[in-house]
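A quick write-up on the structure given underneath.
The values are calculated or read from the model by the stated rules, or taken from the named source; none is laboratory data. Everything quoted here is computed from the prediction, not taken from an experiment. A quick note on method: Cβ atoms are made from the backbone with ideal geometry, for glycine too, and the neighbour counts reach across all protein chains shown. Note: areas computed on protein heavy atoms with side chains; ligands, DNA, RNA excluded. Shrake-Rupley method; radii C 1.70, N 1.55, O 1.52, S 1.80 Å.
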Amino acid sequence: MTEKIAYYPGCTAKSYAKYMDSTARIVMKELGIELVELDRWNCCGTVYGLADDNLYSQLAPIRNMIRTLENGFDEVVTICSMCYNTLARANDLFKSDKEKADRLNAFMYKEPDYEGNVTVLHLLDLLVKRVKFQAVKEKVTNPLKGLKIAPYYGCTLLRPREISIDENIEHPSILSELIFALGGEPVEDPYMTECCGSYLTVKDKHLVADRTNKIVGSMQKRSADIIMVSCPLCQFNLDRRQKEVKALNPAFHKVPIVYFTQLMALAMGVDYKKLGFQDHYVDPVPILKKRGLIREKKKVAAKIAK
Amino acid sequence: MARIIVANTEYKVPSNLTIMKALEYLGWRLKRGVGCRGGFCGACSTIYRMKGDHKLYTGLACATKVEDGMIIAQIPISPANKKSYNIDSLKAQPNTILELYPEVARCISCNTCTKACPQDIQVMDYVQAALRGDIAKAAELSFDCIMCGLCATRCPAEITQFNVGILARRLYGKYIAPKYKQLEKRVKEIEQGKFEDELSKLTKASKQKLVELYAARVREEVKR
């Protein structure tokens, strides 16, 4: 029987990162879990509100907890690292500060009171705790053999400690374990937990290009073929800003940045044309072909016929 | 009778009147903040409090009955941010609404707009749908909007929700909604003059003849 879990996609997963959403649904279905999108949901709040005296910024994330309960669930899973961070931290604040919780409930008087009884999970959490990587491994039909994959966590999956999806914040291993399960070769790099520059990309793209040069440049020195991320903003920054990096560093060559769900789907035998690679600035297809992970069936058949 | 406070003065009015009727009962001649009188045009936005209650209520003056202890103020117009655009040169893309109304991204999901809506629309939900580029959902959820402007006057993010809603519905109507082939066919037939003979016969017919034709008409359900 298929297990069901409440699913919060987030705004970016509905637009820029729509293939992160679609590939997540495909792989989870394959693993026997149906992601049930909340019938009503709002923006997570985008960034966790640090201003202690401004509870307005906590309304958006907490409201999604109420929606989760309304849909009959007490757990909600999300794929975007930023959404995960904002939802999980707001939920933690709500659970730990009774006075703030009461004020938030009083403001949202048209909604049923929230009691802090929802658990926020990232999809990687679900894979580690519920599904287990062994089960992922069993579904792999196209192992990513020979593909050197650099895991990149960024900040929002790991910091602060209270919401970290990995016990070891400084040297996490969840993505490497996933890469092993998919048959790939993890290339761990000291920059894998560095910040990509986040929303500064709007204000100063050259600053983010500098970050990209450091992060991607370091990973390519370790001969990474491809970089695996879990956040649409990290994906955008590390992918699109490679355009500006060439001016900073002439020796730089481009490295594709892909979502972990895309590589999972590829390893589980999903047609690469369904993975959204056409939306990437740095095309992952050439390296995947070079490593023999994408085969053009018709051409092969035609060659054999000759 | 109900005691109401209008412009800081207490009056007694019959308690079966609407707010609008009560104002006229008091001798006010309404020139602004009045329209269809049937709850459809959105001209008579009103805010009120009840004595001893902290909440600020909203309603349409033509569709809300007076109650004892009401403190009333009308909002005849709502200053709005209204962008001019040519619908023919827009595209129904995820960021179309945000490009015209970037303040949509300031929504913090406080739900104040929804609380203010006299039409019981999930206003915040359609603003959120617009934010994530779901034009069809924004159009569907905002369908009952009468553009009274109460949401926009209450919004702490200063969004003009009702203009966002109508943009979503225009984009939906022009680019997303399925086209009705039968309608296009019929319009073409009319343009080609298919019904002109019959119509001219009718316009020339005597009253007697029209009555006969009306009585003998074929009803659609009979035809089926």
| field | helices (runs of 4 or more DSSP H) completely within the stretch A:193-243 that count 3 or more residues being assigned by TED's automatic domain parsing to the domain that holds A:P286, surrounded by 24 or more Cβ atoms within 10 Å (Cβ to Cβ) and modelled with pLDDT of 95 or more | value | A:205-221, A:232-240
| query | Counting residues that are under 22 Å from the mean Cα position of the chain (by Cα), which strands (runs of 3 or more DSSP E) fully inside the stretch B:1-94 reach at least 2? | reply | B:45-50, B:57-60, B:70-74
| Filtering the stretch B:135-160 down to residues that are within 13 Å of chain A (Cβ to nearest Cβ) and free of Cβ contacts under 8 Å to residues at least 40 places away in the same chain, which residue is surrounded by the most Cβ atoms within 10 Å (Cβ to Cβ)? | B:L141
| Considering A:A51, A:A60, which residue is farther than 17 Å from A:E162 by Cβ, within 13 Å of chain B (Cβ to nearest Cβ), surrounded by fewer than 16 Cβ atoms within 10 Å (Cβ to Cβ) and out of contact with any Asp or Glu (no Cβ under 9 Å at 6 or more places or on another chain)? | A:A51
| request: Specify the residue that is farthest from A:K110 (Cα to Cα); the eligible residues are those in the stretch B:102-117 that are surrounded by fewer than 21 Cβ atoms within 10 Å (Cβ to Cβ) and away from every other protein chain (no Cβ under 11 Å). | output: B:P102
| query | Going by the conditions given, is A:K254 in contact with a helix residue (DSSP H, G or I) (Cβ under 8 Å, 6 or more places away or on another chain), in a loop (DSSP other than H, G, I, E, B), open to solvent by 10 Å² or more (accessible area, probe 1.4 Å) and not aromatic (F, W, Y)? | reply | yes
| request: Would you check which residues across the stretch A:286-301 are at pLDDT 60 or above and open to solvent by less than 60 Å² (accessible area, probe 1.4 Å) and list them? | output: A:I287, A:L288, A:G292, A:L293, A:I294, A:E296
| query | Within the stretch A:160-180, restricting attention to residues that are assigned to a helix (DSSP H, G or I) and over 25 Å from A:V140 (Cβ atoms), which residue is most open to solvent (accessible area, probe 1.4 Å)? | reply | A:R161
| query | Which of the residues that make up the stretch A:24-48 are away from chain B (no Cβ under 14 Å), open to solvent by 50 Å² or more (accessible area, probe 1.4 Å) and either among the charged types (D, E, K, R) or within 15 Å of A:T12 (Cβ to Cβ) (or both)? | reply | A:R25, A:K29, A:E30, A:E34
| message | I'd like to check something: does the stretch A:144-156 contain any residue that is within 29 Å of A:R241 (Cα to Cα), over 16 Å from the mean Cα position of the chain (by Cα), assigned to a helix (DSSP H, G or I) and not acidic (D, E)? | response | no
